[in-house]
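J.: Here it is: the structure, laid out below.
No lab work stands behind these numbers, since they all come straight from the coordinates. Please read these numbers as outputs of a predicted model, since none were measured by experiment. Because the Cβ atoms are built from the backbone with ideal geometry, glycine has one as well, and the counts that use them run over all protein chains shown.
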There are 2 protein chains.
Amino acid sequence: MEQQFIAWLRERLPPHPLLQLGPGDDAAILRMAGVDGCVITVDLLTDRVDFILAEVDPRRIGRKALAVNLSDLAAMAARPLAAVLAVALPKKGAGELAIKLYEGILPLAERYDLAIAGGDTNTWDGPLVITATLLGQVTVDGPLCRKGAMPGDRILVTGAFGGSILGRQFDFEPRVREALLLNRRYDLHAGMDVSDGLAIDLSRLSRESGCGAIVETDRVPIHADSVRLARQQNDGRTPLDHALGDGEDFELILAVSPSEAATMLADQPLGIPLTDIGSFGDTPGLWTRGSDGHIEPLAATGWEHAFE
Amino acid sequence: MEQQFIAWLRERLPPHPLLQLGPGDDAAILRMAGVDGCVITVDLLTDRVDFILAEVDPRRIGRKALAVNLSDLAAMAARPLAAVLAVALPKKGAGELAIKLYEGILPLAERYDLAIAGGDTNTWDGPLVITATLLGQVTVDGPLCRKGAMPGDRILVTGAFGGSILGRQFDFEPRVREALLLNRRYDLHAGMDVSDGLAIDLSRLSRESGCGAIVETDRVPIHADSVRLARQQNDGRTPLDHALGDGEDFELILAVSPSEAATMLADQPLGIPLTDIGSFGDTPGLWTRGSDGHIEPLAATGWEHAFE
C-alpha cells in the first residue's frame, strides 16, 4: 500500500523545472545552477502539540506543515525552491490520511512555485508526525537575518497578533511575497517570523543582534482573534497578553533605521499593515514603558518546548 | 531548556566551509555556487519500527538517522554536502536524549564532511521520532539512478546480506566512498541501496528500468549474521531467506554490462567484495533458477510499511 500511495502521489505531482529527477528514486535531483546562497529549513509538527488530528481536517495539517517552513523562508527573505516531506502515519487509515495531507500540501506548493522533490512515508503505532524541509534561494538583495538590528533601529511588524489558535494557526498566509518585496525596496537590518510569540521571538532577534528591545505595548497591533479569545477564555489574560505571547502569527518582525521606518510607514507598500511597535536599544533584554513613562521589563512570553 | 540544548549544539558544531550562516537563525544558508545537480533525500525513523529506544544506546540511533540518508546519497553516487535534522523527543529526559543523539550524529557527519546546517528540536508525549534531510552533489560522473538497467546487464552487489537486526542495522558503513569510486571508474547503468530487502529493492530497480531480474540465489553473498539469525530463530527461514528479505543491509545493487562486470569482478576495487548475483532480463518481475534449471518466480520479500 505504501507503493500505491507513492504511485498516487507521483501522478499528481506537477512537473517542475527544478526537478531533474523527481520522487521515486533513492533521492531527487534539483537543478541548482545559479543558486549560490541556498536557504534550508526544517520543521516537525506533532499531533497534540501543533494540531489535534481528531479535531481538524488533515488537509489543513498538511498545509500548515508546508506553510510554517515557507514562513521561515520569508523570515530569511528567500525565494522558495523545493520541499521534501516525511510523515509517520498512524497505521489505521494511513492511506486515506496520507492523501488528505497531500491534498493540503499540493495547492500551497503550487501557489509558491515550490517543487515537491520527494518524501518518506512511514506508518507506526504512534500519533501523526509530519516534517517538511524547504530549500530557498537568497535573492540579489541578500538574506534577512536575526543579527543586524542596531540600537536606535525601529521595530516594524506586519499584520496583527494573537488568538491564532482560533484558526489562523492553520490558514495563515506565509509572508513570502511581503518579505521579498520589502527586502527589495528597503534597507532591512534584521528580521524574523513570529512562530513562538511576538515577545519571545523579538527577544531572540534582539539577543542575536546584541541589543535589547523596547516595545510600546499600546502600539502592538492586536488581532480581532485576540479579543475573541480573551473573551472566550475569560481567565484574566488581556488581548495584549495574547498578542504578545500566543505565537503562530507567522508575521514578520523587522529592524530598520528610523528614517527607513518613516518611509516604509508612509508607503505602506503591502496589502497588510506595517506598524512601528518600538525600538531597539543598548540594554539587553525585552522592555516596555510603564504607565509613568519609565522603562520596565517585559516578559518574553511565548511557546518553548518543555525539556523535563 | 530547548534554548540551552541549542546553545550546547551550536558550541559543538564544527565550522564548515559550506555554511554561510549556520544554525540559530530562522534557517541556515549554504554556499552552493558550483553545485548544479543537488541531490536531496529525507528519512524518518520511529521508535519500535526503526529502533527500540529502550534497548539501544541513543548514540547509535542518531548515527543511524544520518547513515540511512548517507546510504541514499551513495545510491545516487552523490557527494555528501549538508544535513538538517528534526526530532520529536519524549518530554521526560528530552535534554539528555537530544545530546546523546547528536553524540552519534556529529562524528559520522565529520567523517563524511557533512555540514550540519540546522534542525528542529521538539518535545511531546509520544515516542522518539528522528528525521534527517541530506543534500548531496552529483559529480562530473553523473548520478546513479534506478532507471537504466538493460536486459542482459549483470546484477552486481557490494558486501553481504541478511541478519542486519543483530547490529549492522545501526553500525553499517554507508557505501558513499564505494559508490563514488565505482561511478568514477566504471560505466554503471543503474543502482540503488538495499534498505528494505535485497529482493524487494532489486524488484523496484528492475521495475523503474522497465525490465526484470533473474537472481542466481546460490551466488547471493550471505552475511554471517544471516546464519546466526537463522540458527537463533530456528523458524524454517534459511540464511538465504534472511539475505533476500531482511533489509537494512545498506549495500549497493548495480546494473552493468557483462563486459564491465567482468572487469569490475577481476579488479575487485573495493575493500569489500563485489559479487555477480544474476542478470536483468526482458520479462518483468523477479525470477530465479529452479533446481531443474528452469526460471521460476522469486518472492520480492522485504519490508513495506503497512497501510491499514
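J.: May I ask you to list the residues of segment B:273-294 whose amide nitrogen lies under 19 Å from a point 7 Å from Cα along the Cα→beta-carbon direction of B:Leu265?
T.: Those under the cut-off are B:273-282, B:287-290, B:293.
J.: Sorted from shortest, what are the nm distances separating the label point of A:Ile6 from equivalent points in the other copies, each placed 7 Å from Cα along Cα to C-beta?
T.: So the distances to the same position in the other copies read 3.4 nm.
J.: Over all residues in B:129-141, what is the mean tally of Cβ atoms on other chains that come within 10 Å of each residue's Cβ?
T.: Working: counts 10, 2, 14, 5, 14, 3, 7, 2, 1, 5, 0, 0, 0.
Going residue by residue through B:129-141 and averaging, the value is 5.
J.: Measuring from a point 7 Å out along Cα→Cβ, what nm distances, shortest first, does A:Ser291 have to its partners in the other copies?
T.: 9.5
J.: Shifting gears a bit: Taking just the alpha carbons, could you work out the radius of gyration and Dmax for chain B, both in angstroms?
T.: 20.3, 67
J.: Quickly work out the A:Asp218-to-B:Glu103 label distance, labels modelled 7 Å from Cα along the C-beta direction, and quote it in nm with one decimal.
T.: 5.5 nm
J.: Let's test the formula: R0 of 25 Å, r as the Cβ-Cβ distance of B:Leu166 and B:Arg111. What FRET efficiency results, to the nearest 0.05?
T.: Working: r = 23 Å, r/R0 = 0.92.
Once rounded, the FRET efficiency stands at 0.60.
J.: Still on this structure: Could you give the distance between the Cα centres of segment B:9-67 and segment A:1-73, to the whole Å?
T.: Segment B:9-67 and segment A:1-73 have Cα centres spaced 17 Å from each other.
J.: Another question, if that's okay. Starting from the 7 Å offset along Cα-to-Cβ, what nm value, one decimal, do you get for the label separation of B:Glu11 and B:Ala54?
T.: Result: 3.4 nm between the two label points.
J.: What's the magnitude of the charge dipole for segment A:154-297 around its Cα centre, counting Lys and Arg as +1 and Asp and Glu as -1 at the beta-carbon? Answer in Debye, nearest 20.
T.: Working: 13 positive and 23 negative charges, 37 e Å.
My answer is approximately 180 debye.
J.: Quick one: work out Rg over Rh on the C-alpha atoms of the protein assembly as shown, Rh as Kirkwood radius.
T.: Numbers: Rg = 25.9 Å, Rh = 25.5 Å.
We get a ratio of 1.02 for the protein assembly as shown.
J.: Something else: Once you order the gyration tensor axes a ≥ b ≥ c over the Cα atoms, which shape class does segment B:1-47 get: rounded for a/c under 1.5, otherwise prolate or oblate by comparing a/b with b/c?
T.: Details: a/c = 2.59, a/b = 1.30, b/c = 1.98.
Oblate is the answer for segment B:1-47, as a/c is 1.5 or above yet b/c matches or exceeds a/b.
J.: Sticking with this one: Consider the operator that turns chain B into chain A: which B residue has a Cβ nearest its axis, and what is that gap in Å?
T.: For chain B, the closest residue to the axis carrying it onto A is B:Thr133, 2.
J.: Follow-up question, since we're still on this one. With a/c under 1.5 counting as rounded, go ahead and sort segment B:2-138 into rounded, prolate or oblate using the C-alpha gyration tensor (a ≥ b ≥ c being the square roots of the eigenvalues; past the cut-off, prolate if a/b is larger than b/c, else oblate).
T.: On the way: a/c = 2.08, a/b = 1.39, b/c = 1.50.
Verdict is oblate for segment B:2-138.
J.: If you take the charge dipole of segment A:192-308 about its Cα centre, with +1 on Lys and Arg Cβ and -1 on Asp and Glu Cβ, which of A:Leu252, A:Gly293, A:Ile200 is farthest toward its positive end?
T.: Most positive-ward Cα: A:Gly293.
J.: Going 7 Å from the Cα of B:Thr283 in the Cα-to-Cβ direction, what parts of segment B:195-228 have a backbone nitrogen less than 17 Å from that spot?
T.: Of the residues in segment B:195-228, B:203, B:206-207, B:210-217 have backbone N under 17 Å from the label point off B:Thr283.
J.: Between rounded, prolate and oblate, where does segment B:151-223 land on the alpha carbon gyration tensor, with a ≥ b ≥ c its root eigenvalues, rounded for a/c under 1.5, else prolate if a/b exceeds b/c? Provide the component values of the computation, followed by the final result.
T.: Details: a/c = 1.82, a/b = 1.22, b/c = 1.49.
The shape class here is oblate.
J.: Ok, one more. In µm²/s, what is D for segment A:154-297 at 10 °C and 1.306 mPa s, where D = kT/(6 pi eta Rh) by Stokes-Einstein and Rh is the Kirkwood radius from Cα pairs?
T.: Details: Rh = 15.4 Å.
The calculation lands on 103 µm²/s.
J.: Please give the average number of partner chain Cβ atoms lying within 10 Å of the Cβ of each residue in A:70-80, rounded to a whole number.
T.: Values: counts 0, 1, 5, 2, 2, 3, 6, 0, 3, 0, 0.
Mean partner shielding for this stretch: 2.
J.: With the label 7 angstrom out along Cα to Cβ, how close does B:Ile52 come to the same site in each of the other copies, in nm, nearest first?
T.: B:Ile52 label point versus its equivalents elsewhere: 3.5 nm.
J.: Between their Cα atoms, which of A:Lys147/B:Lys64; B:Lys64/B:Lys91; A:Lys64/A:Lys147; A:Lys92/B:Lys100; A:Lys92/B:Lys92 are more than 30 Å away from each other?
T.: Numbers: A:Lys147/B:Lys64 34 Å; B:Lys64/B:Lys91 22 Å; A:Lys64/A:Lys147 27 Å; A:Lys92/B:Lys100 32 Å; A:Lys92/B:Lys92 27 Å.
As for pairs spanning more than 30 Å Cα to Cα, those are A:Lys147/B:Lys64; A:Lys92/B:Lys100.
J.: Taking the Cα centre of chain B as the origin and placing charges on Cβ (Lys, Arg +1; Asp, Glu -1), which of B:Met32, B:Trp8, B:Ala266 is farthest toward the positive end of the dipole?
T.: It is B:Trp8.
J.: Which residue fluctuates the most in chain B, going by a Gaussian network model with Cα springs under 10 Å, if the choices are B:Ile253, B:Ile99, B:Ile272?
T.: Highest fluctuation among the options: B:Ile272.
J.: Between A:Val140 and B:Ala299, how high is the FRET efficiency from 1/(1 + (r/R0)^6) when r is the Cβ-Cβ distance and R₀ = 45 Å? Nearest 0.05. Walk me through the intermediate numbers first.
T.: On the way: r = 56 Å, r/R0 = 1.24.
With a Förster radius of 45 Å, E is 0.20.
J.: Using only Cα atoms, locate the centre of segment B:96-129 and the centre of segment A:185-245, then give the distance between them in Å, rounded to an integer.
T.: So the separation of the two Cα centres works out to 31 Å.
J.: Could you work out [θ]222 nm for the protein assembly as shown from helices alone, using -39500 (n - 2.57) per DSSP H run of at least four and dividing by all its residues? Round to the nearest 500 deg cm²/dmol.
T.: Values: 18 runs with 200 residues, N = 616.
Value at 222 nm, helices only: -10000 deg cm²/dmol.
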